[in-house]
Amino acid sequence: MTSAADTIIAEVGKVIKGKDEIIKKVLATIIAGGHILLEDIPGVGKTTMATAFAKAMSMDYNRVQFTPDVLPSDIMGFSMYNAKTGDFEYREGSAFCNLFLADEINRTSPKTQAALLEMMEEKHVTVDAVTRDLPKPFTVIATENPIGSAGTQMLPESQLDRFMIRLTMGYPSHEAAIAILKGQEFNPISSVGQVISREELLELQDKANCLPVHDSIIEYIVDIVEATRSSEYFSLGASPRGANAILRLSRAVAVIEGRRYVTPGDIAFILDDVLGHRVKLSTKARANGFGVPEALTEIKKNIKVPRT
C-alpha cells in the first residue's frame with residue numbers, strides 16, 4: 001500500500017474504529033472521482049467519517065441535513081437582486097466545495113434530489129441558464145437510513161446509478177465499541193491530521209485515471225456486467241455506467257496498493273458494493289434465499305477469471 005494511502009486510512013481510523021475495509025473503499029472512490037452512498041442506521045459514524053476524510057485530504061467540506069423543505073437553490077445557488085447595482089448577483093449554494101455531505105438524502109423532495117444529478121455526473125451546476133463548474137476535486141457522500149420509511153422518498157434508479165458505490169458500515173465490533181467509548185474523553189476529530197493537499201489528491205486521481213488496464217481485465221468486467229442482464233437471478237441488470245464504475249474503482253484500488261496494474265482481486269474487492277444498488281434480484285433468487293453477493297457468485301462461476 002502506498003504510504004500516503006496508508007496514512008490516510010490510519011488517520012480516519014483514529015475516529016472510525018475497526019472499519020479499515022470501509023475506509024479503504026471510500027478512499028478508493030474519492031481517488032476514482034466517484035460518489036458514495038452510505039446506507040446505514042443512525043449513529044454509526046457516517047458523518048464523522050466524511051469529516052475525517054475532509055481533514056485528512058485538505059478538502060473544503062459542506063454538510064446539508066436534507067429535509068422536505070430543502071430547495072434545489074440551497075444546493076445549486078441562486079441569483080439575488082442587488083438594489084445598489086441594479087443587477088442580479090449569483091450566490092453559491094452549499095455544493096460549492098470539495099466534499100459535499102448530503103445527510104439523509106431520502107428525506108427531501110424528488111425535485112431537490114434531482115438537483116444533484118447534474119452536479120454528480122458532470123461536476124457543474126446550471127442556474128438561470130448559466131453553467132458554473134464545481135471545485136476540483138468534488139465528491140458527494142450521501143447517507144440514507146434504510147430503517148423507517150416515514151417521510152422518506154425512495155431514490156430513483158437514475159440517481160442510484162450516479163453513486164459509484166453503496167456501502168454499509170454496520171455496528172462496531174465489541175473491541176471497537178470499547179475503543180470508541182474510551183476516546184470520548186476528547187474530541188476525536190481534532191486528532192485527525194492533514195496527510196495530503198488537494199493538489200496531491202488531484203495527482204492521485206490523474207494517476208488512477210491513466211493507469212493502464214489489460215484487455216483481459218476489461219473483458220472480464222464486461223462479461224460480469226453482461227451476465228447480470230441475462231442471468232435468471234436478476235430482473236434488472238447493471239448499466240454501462242456500472243461497468244465504468246468497476247473499471248475506475250479497481251484502478252483506484254491498484255493505486256492505493258502501490259501497483260501499476262489491475263488484478264481480478266481488485267475487482268472482487270469492490271464488485272458487490274458497486275453492483276448492489278444497480279441490480280434487482282429476481283423472484284427465483286429470492287426464493288433460493290440469495291442476496292446480491294450470492295447471486296453474483298453464481299454468475300461468476302461461468303466466467304473465466306483472467307490470469308495476471
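The gain in end-to-end length when the Ala129 to Gln65 segment is fully stretched comes to 20.3 nm, 0.36 nm per residue minus the alpha carbon separation.
Spin-label model, Asp6 to Ile41: label points 7 Å out along the Cα-to-beta-carbon direction sit 3.6 nm apart. To the nearest ten degrees, helix 240-256 and the longest principal axis of the Cα atoms of the chain are 90 degrees apart. Please find the FRET efficiency linking Tyr261 to Tyr81, where r is the Cβ-Cβ separation and R0 is fixed at 45 Å, and quote it to the nearest 0.05. That pair, Tyr261 with Tyr81, gives E of 0.20. Per residue, the chain reaches -13000 deg cm²/dmol at 222 nm when only DSSP H runs of four or more residues are counted, each adding -39500 (n - 2.57). From the alpha carbon centroid of the range 193-232 to that of the range 34-64 is 22 Å. With θ taken as phi - 60° and the Karplus curve 6.51 cos²θ - 1.76 cosθ + 1.60 applied, the whole-hertz 3J(HN,Hα) list for the range 162-173 is 6, 7, 5, 8, 10, 10, 10, 6, x, 5, x, 5 Hz, x standing for glycine and proline.
Kindly express, to the nearest 10 degrees and within the range 0 to 90, the angle between helix 264-275's C-alpha long axis and the longest C-alpha principal axis of the chain. Between helix and principal axis, roughly 60 degrees. With K and R counted +1 and D and E -1, the other residues having a Cβ less than 12 Å from that of Asn209 yield a net charge of +1. Between Glu298 and Met154, the FRET efficiency from the beta-carbon distance, with R0 = 35 Å, is close to 0.80. Distances between every pair of Cα atoms in the range 1-127, grouped in 5 Å steps from 0 to the bin holding the largest one, split as 2, 9, 18, 20, 18, 13, 10, 5, 3, 2, 1, 0 percent.
Antiparallel versus total DSSP beta bridges in the chain: what percent is that, nearest 5? Given both bridge residues lie in the chain, the antiparallel proportion sits at roughly 45 percent. Where the convex hull is taken over the Cα atoms of the range 71-224, what is its projected area averaged over directions, in nm²? Seen from a random direction, the Cα hull of the range 71-224 projects 15.5 nm² on average.
Each principal axis of the Cα cloud of the range 239-308 was evaluated for its coordinate range; sorted largest first, these ranges are 42, 23, 18 Å. One compactness figure for the chain is 1.04, namely its Cα radius of gyration divided by 2.2 N^0.38 Å. With semi-axes defined as the square roots of five times the eigenvalues of the C-alpha gyration tensor, the equivalent ellipsoid of the range 197-254 measures 29, 13, 6 Å, largest first.
Cross-link pairs exceeding 31 Å between alpha carbons, from the set Lys14/Lys280; Lys19/Lys280; Lys136/Lys300; Lys14/Lys304: Lys14/Lys280; Lys136/Lys300; Lys14/Lys304. Against the main long axis of the alpha-carbon atoms of the chain, helix 198-209 sits at an angle near 30°.
Quick note: the coordinates plus some simple rules give every number you see, no bench work behind them. For clarity, every value in this text was computed on a predicted model and none was experimentally measured. Quick reminder, even Gly has a Cβ in these numbers, built from the backbone with ideal geometry, and neighbours come from all protein chains shown.
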